[in-house]
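I have placed the structure first, in the form of structure tokens, so that the comments after it can refer back to it.
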Amino acid sequence: MKNQDFDMDTYVKQRITEIADADERGFAKEILLKGLLPAFQSMKERYQELEDRVKREVELESSRFAVMTMPVRRRNYDSTNRTWFPVCEQDVLEDGFPYKRIYFRGNEKEKKAFEKKQYLTATDASGKEHRVGIRRAEDYRKEVEALYHIFLYNRITWSTVNTGDLDRFYEIYPMEETESMADWNISYGEWEDRVCDDYIALWNIEKFYFHCMKFMVPCLDGKYYEHELNLEDYDADSSYMVESNEDILSVRYEKDKIIMTSTKETFENWRAYRFGSRIDLDSYGYHHNILGNRKKERFADYLAKRYGQGIHSKTELFRIVEGLDAGQYIKMAGCRIREQEQEGSFAADMNWFIREEVFPMETRRILELQFVRQADEGKREYYAEDMLRYVISQVQLFLDEYKCVGVLT
């Protein structure tokens, strides 16, 4: 049907009231309400089942393995919330790190100015002053890079992880030997209102270990064994990947299980990744904005993914950008080809670990994507810049002949 909001039940009942003759109206009610409407509803349900079945057959992998991140204060981390997990597991250990993590709430210009600070001043419990340095939280970026290789190993198509929040974390470290700086009071000066002290990053990915549960029969050649991770034993609403190790030779997916080929007859402590599809924000302090890479599910995108369709027109480019669900922060206004990158443009820098060897970036022409900031009270304005970087990073994956940059007005 062209209009999915059309209400056949209301339409038929309304038209029946227009029949003047009472006998004819009663006869029409008997035929239409007891015959036509049930048949129409049955046909509608069957068409919906057919549509759902086709969608399942060409389901986008990226929708099942979406990654979401959120910053929280370290002391508010709730280990009983089984939908959010620390990006870096050491963040929640008792001994933690010999430095502090902070979250910086500012735009790109302010971030760069903050990073240029050579040191900050901290005061310990006795009143003695110390110098502390500033550096980016590179271990979060290492976790994202490791995740990319997990996708490759499991032969799942990579979709850009929105690292907007992860890129806002910094480490404040002592510039002199000390046992602990837990009780140090750090002065951030002009950046005091931009800094959230002692924060960590959470995401919807749980890492867990599994073991060989039964005696395995070797393959026909007698040299290899096939081990199964039975997904029916785990959360049915989640998706799973297996971490690579020297014992696993190959991985393949079948219905409700992952099969791993190995030379080992038994094993223990193999690690898997669970991507949760549900999120729980009922824990205290879990109130920050969530950045993710889940896309709008449209049938055209299913088919484009199925048949490997690329970007061949502005219309397709706009469709891909719209599907990234960044509309509450930015809206694409246009694009143009440039010979040189303009000052103040944003780079596609969220897939820094992907090497482009066939068409080096420095030899490509510039595709400038132009965006308008969507003013919305309650939305942190600096997220518009993060969403722009995310969008052009994802678009860059589709384009080998251009270097993508973005401008924001």
Legend entry - Every residue from region 71-121 that is at pLDDT 90 or above, among the hydrophobic types (A, V, I, L, M, F, W, C) and more than 30 Å from TYR234 (Cβ to Cβ): ILE102, PHE104, ALA113, PHE114, LEU120
Legend entry - Qualifying residues in region 156-185 (those that are part of a loop (DSSP other than H, G, I, E, B) and among the β-branched types (Val, Ile, Thr)) - the one nearest to TYR103 (Cα to Cα): THR163
Inset, instruction - Examine region 193-212 for a residue that is open to solvent by 60 Å² or more (accessible area, probe 1.4 Å) and at pLDDT below 80, and state whether such a residue exists. - result: no
Inset, instruction - Filter region 354-372 for residues that are of a type in the set (Phe, Trp, Tyr) and modelled with pLDDT of 85 or more and give the result. - result: PHE371
Legend entry - Considering residues of region 213-233 that are touching a strand residue (DSSP E or B) at 6+ places or on another chain (Cβ under 7 Å) and not in a strand (DSSP E or B) only, the residue modelled with the highest pLDDT: LEU231
Inset, instruction - Restrict the check to region 173-189 and report whether at least one residue is under 30 Å from THR83 (Cβ atoms) and touching a Gly at 6+ places or on another chain (Cβ under 9 Å). - result: yes
Inset, instruction - With the condition kept exactly as written, say whether any residue in region 260-274 is open to solvent by 80 Å² or more (accessible area, probe 1.4 Å) and hydroxyl-bearing (Ser, Thr, Tyr). - result: yes
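The values are calculated or read from the model by the stated rules, or taken from the named source; none is laboratory data. Being a predicted model, the structure only gives us computed values, none of them experimental. No Cβ is skipped: glycine too gets one built from the backbone with ideal geometry, and neighbour counts run over all protein chains shown. In case anyone asks, the SASA skips ligands and DNA or RNA and just uses the protein heavy atoms, side chains included. Shrake-Rupley method; radii C 1.70, N 1.55, O 1.52, S 1.80 Å.
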